[in-house]
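K.L.:
Mind looking over this structure? Questions follow.
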Amino acid sequence: MFTQTDISRIQEMLKNLKQATQLSLPEPTAERAFARAQKLFDSNRFQEALEAYTVCLQMDPSDTDAMFNRGIIKGLLKDKEGALSDLSLVLLQLDVFDMPHLNERSEVTQSLIDEAEVVYRSVTKEQILPDAKAELEEINKDLQATLTVLLGRSDVKETIASTLRHETELMNGRITRVGYNLPQERLSNVLGLEKVKETLWNNVILPIVRPDLFSKYKKKRNYAVLLYGPPGCGKTLLVRALAGETDSCVIQAKLHELIDMYIGNTQKNIHSLFEEARSITRNSSRTCIVFLDELDAIGVNRGLVARESTGSHRDAVNQLLMELDGLEKNPEGLFVVAASNRPWDIDVALKRSGRIGETVYINPPSQKDRKSLFEYYIGDCSIGKIDFEKLAILTEGCSPADIEGIVDKAKLRPIKREHETGIEDTLLMSDLEMVLDDPAIGKGSLREWYLSVANELSQNSLDTTRYRPLIEDTKKVMGSSSQLIKTPCI
């Protein structure tokens with residue numbers, strides 16, 4: 001006969017056992033989720049398998065096998081629109097939309113349909129549909145027709161790729177899900193910066209698209225590069241263009257997502273980013289670019305924070321050093337692009353050769369580039385006479401972001417006129433000149449930034465080799481104020 005004390009003790013033991021069992025359970029992985037979904041699929045439990053494959057894709061959106069099987073199931077359950085969506089995503093992963101010739105795309109599309117037909121036949125006979133062949137032919141006919149239309153649409157890749165974008169999710173300062181996207185920009189979308197684009201082609205794109213040549217000539221590959229320069233000059237757009245040229249995923253490390261007040265969380269968040277990047281490269285043929293924006297805030301010089309009581313910044317730098325060392329020792333298709341407006345504040349150990357050894361200066365736009373930027377941002381908004389050459393001269397000291405803002409503010413003037421008069425209007429040269437006459441807008445932001453650089457140069461010794469282009473531009477922009485700049489030394 002058990003007493004109440006015995007029962008309470010047994011209940012406590014059971015509770016402890018349950019907790020211990022729960023704690024010892026392995027973390028769910030995409031591989032285990034796929035195995036469970038596959039088992040349900042093979043058992044013809046299609047509705048459950050559909051949900052299981054969805055869970056699998058939430059954990060690993062690049063899993064084409066799970067995406068393909070889910071599309072098959074949707075077809076079996078007569079969800080043709082859903083089936084077409086999933087199979088189109090598979091085609092995107094296979095780069096069918098980038099293939100130059102229609103017959104090549106058709107072959108890949110037909111191969112996919114043939115594979116789907118095999119699966120349909122294996123699971124439909126005498127199980128779901130009495131006339132499986134007729135239903136299958138109807139589904140395949142619709143699939144072929146729809147995909148043929150999709151292949152002819154210029155916007156389809158961007159539309160489908162948008163479904164593969166995810167935002168980073170946080171809980172209690174820890175990253176629980178790493179966001180990434182598939183940019184579609186190309187270097188041709190970046191106006192000007194021809195020397196920069198050539199440097200990035202040689203140091204980023206070529207090692208990614210032709211690793212065989214680097215192996216053949218035993219040339220060391222760069223796995224990380226630092227972009228630095230004034231704000232608003234296109235560093236983020238360049239990263240997207242690099243990803244588009246190499247068909248890479250981009251994981252952007254945003255400062256507010258990485259840095260946390262609690263000890264240990266920042267290092268764990270940095271590690272999570274690189275682990276997700278490795279997972280993407282392992283489970284697909286894509287390179288993954290980890291974009292470390294504002295690196296001077298994340299990888300701040302440890303000498304500047306040596307007196308911090310928590311040491312959290314030092315720990316973050318140490319974690320970054322570990323991750324970067326892992327790139328060279330275990331190349332897995334990862335590439336790191338860092339960006340900074342204050343590169344001299346970045347810890348020296350991060351900038352050494354073998355880590356982020358390649359440094360690229362993103363210079364402000366030239367007069368020719370400013371003219372092209374005005375032509376691009378104005379587009380067909382004006383049928384009046386616009387003196388683009390004059391605009392380029394008036395906006396010396398403006399960044400591309402400044403020029404975009406000037407054009408955007410100028411467009412408000414014809415909008416107001418058309419609203420008030422009801423008569424169709426257009427953007428005029430006078431609208432742009434009115435905005436440029438505003439001293440808070442028309443002078444641009446570059447001079448203020450270069451002034452901060454000049455002050456930095458007057459107080460500290462900087463590496464003349466690494467920062468030579470920056471030093472030369474600072475003297476040009478500051479003009480008569482260039483005497484503030486001392487001759488820097490290494």
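The values are calculated or read from the model by the stated rules, or taken from the named source; none is laboratory data. These figures come from a predicted structure and were not determined experimentally. Positions of Cβ are backbone-derived with ideal geometry, glycine not excepted, and every protein chain shown enters the neighbour counts.
K.L.:
If you go through the stretch 346-363 one residue at a time, do you hit one that is at pLDDT 90 or above, touching a Leu at 6+ places or on another chain (Cβ under 8 Å), in a helix (DSSP H, G or I) and of a type in the set (A, V, I, L, M, F, W, C)?
P.N.:
Taking every residue of the stretch 346-363 in turn, none turns out to be at pLDDT 90 or above, touching a Leu at 6+ places or on another chain (Cβ under 8 Å), in a helix (DSSP H, G or I) and of a type in the set (A, V, I, L, M, F, W, C).
K.L.:
Outside the structural domain of Cys233 (by TED's automatic domain parsing), outside any helix (DSSP H, G or I), among the acidic types (Asp, Glu) and in contact with a helix residue (DSSP H, G or I) (Cβ under 9 Å, 6 or more places away or on another chain), is that true of Glu404? First the steps, then the outcome.
P.N.:
On the way: outside the structural domain of Cys233 (by TED's automatic domain parsing): yes; outside any helix (DSSP H, G or I): no; among the acidic types (Asp, Glu): yes; in contact with a helix residue (DSSP H, G or I) (Cβ under 9 Å, 6 or more places away or on another chain): yes.
So Glu404 fails the test.
K.L.:
A further question on this structure: So how many residues does the stretch 442-469 have that are in contact with a Gly (Cβ under 7 Å, 6 or more places away or on another chain), in contact (Cβ under 8 Å) with a residue 60 or more places away in the chain and in a helix (DSSP H, G or I)? Steps first, please.
P.N.:
Taking the stretch 442-469 first, the residues in contact with a Gly (Cβ under 7 Å, 6 or more places away or on another chain) are 443-447.
Add one more test, that the residue is in contact (Cβ under 8 Å) with a residue 60 or more places away in the chain, and what stays is 445-446.
Filter once more, keeping what is in a helix (DSSP H, G or I): 446.
Within the stretch 442-469, residues that are in contact with a Gly (Cβ under 7 Å, 6 or more places away or on another chain), in contact (Cβ under 8 Å) with a residue 60 or more places away in the chain and in a helix (DSSP H, G or I) number 1.
K.L.:
So for the stretch 412-429 (the condition being among the polar types (S, T, N, Q), within 22 Å of Met478 (Cβ to Cβ) and surrounded by fewer than 16 Cβ atoms within 10 Å (Cβ to Cβ)), does at least one residue qualify?
P.N.:
So the first thing to find is which residues in the stretch 412-429 are among the polar types (S, T, N, Q), and the list is 421, 426.
Those still in the list that are within 22 Å of Met478 (Cβ to Cβ) too: none.
No, the stretch 412-429 contains no residue that is among the polar types (S, T, N, Q), within 22 Å of Met478 (Cβ to Cβ) and surrounded by fewer than 16 Cβ atoms within 10 Å (Cβ to Cβ).
Yes or no, residue by residue, for (1) over 16 Å from Ala338 (Cβ atoms); (2) modelled with pLDDT of 90 or more:
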| site | (1), (2) |
| --- | --- |
| Tyr180 | yes, no |
| Glu194 | yes, yes |
| Glu198 | yes, yes |
| Pro207 | yes, no |
| Lys218 | yes, no |
| Tyr223 | no, no |
| Leu226 | no, yes |
| Leu242 | no, yes |
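K.L.:
What residue, of Glu257, Glu275, is within 21 Å of Met59 (Cα to Cα) and surrounded by fewer than 15 Cβ atoms within 10 Å (Cβ to Cβ)?
P.N.:
Values: Glu257 fails: surrounded by fewer than 15 Cβ atoms within 10 Å (Cβ to Cβ).
The match here is Glu275.
K.L.:
Restricted to the stretch 437-461, and to residues that are of a type in the set (A, V, I, L, M) and crowded, with 19+ Cβ neighbours inside 10 Å, which residue is modelled with the lowest pLDDT? Spell out how you get there, then give the answer.
P.N.:
Our first condition is that a residue be of a type in the set (A, V, I, L, M); within the stretch 437-461, this holds for 440-441, 446, 451, 453-454, 457.
In the following step, the residues that additionally are crowded, with 19+ Cβ neighbours inside 10 Å were identified as 446, 453-454, 457.
Values: Leu446: 89, Val453: 86, Ala454: 85, Leu457: 77.
It comes out as Leu457.
K.L.:
Still on this structure, please answer the following. Here's a check for you: in the stretch 197-246, which residue that is over 21 Å from the mean Cα position of the chain (by Cα) and aromatic (Phe, Trp, Tyr) is surrounded by the fewest Cβ atoms within 10 Å (Cβ to Cβ)?
P.N.:
Restricting to residues being over 21 Å from the mean Cα position of the chain (by Cα) and aromatic (Phe, Trp, Tyr), the top hit is Tyr217.
K.L.:
Restricting attention to the stretch 367-374, does a residue exist that is part of a loop (DSSP other than H, G, I, E, B) and either in contact with a helix residue (DSSP H, G or I) (Cβ under 9 Å, 6 or more places away or on another chain) or without any contact (Cβ under 8 Å) to a residue 12 or more places away in the chain (or both)?
P.N.:
Residues of the stretch 367-374 that are part of a loop (DSSP other than H, G, I, E, B), as a first pass: none.
Scanning the stretch 367-374, I find no residue that is part of a loop (DSSP other than H, G, I, E, B) and either in contact with a helix residue (DSSP H, G or I) (Cβ under 9 Å, 6 or more places away or on another chain) or without any contact (Cβ under 8 Å) to a residue 12 or more places away in the chain (or both), so the answer is no.
K.L.:
Is there a residue in the stretch 388-399 that is surrounded by fewer than 16 Cβ atoms within 10 Å (Cβ to Cβ) and not in a helix (DSSP H, G or I)?
P.N.:
no
K.L.:
In addition: Please go through the stretch 225-244 and give me each residue that is without any contact (Cβ under 8 Å) to a residue 60 or more places away in the chain and of a type in the set (D, E, K, R), ordered by number. Steps first, answer last, please.
P.N.:
So in the stretch 225-244, the residues without any contact (Cβ under 8 Å) to a residue 60 or more places away in the chain come out as 237, 240-241.
The answer is Arg240, and nothing else.
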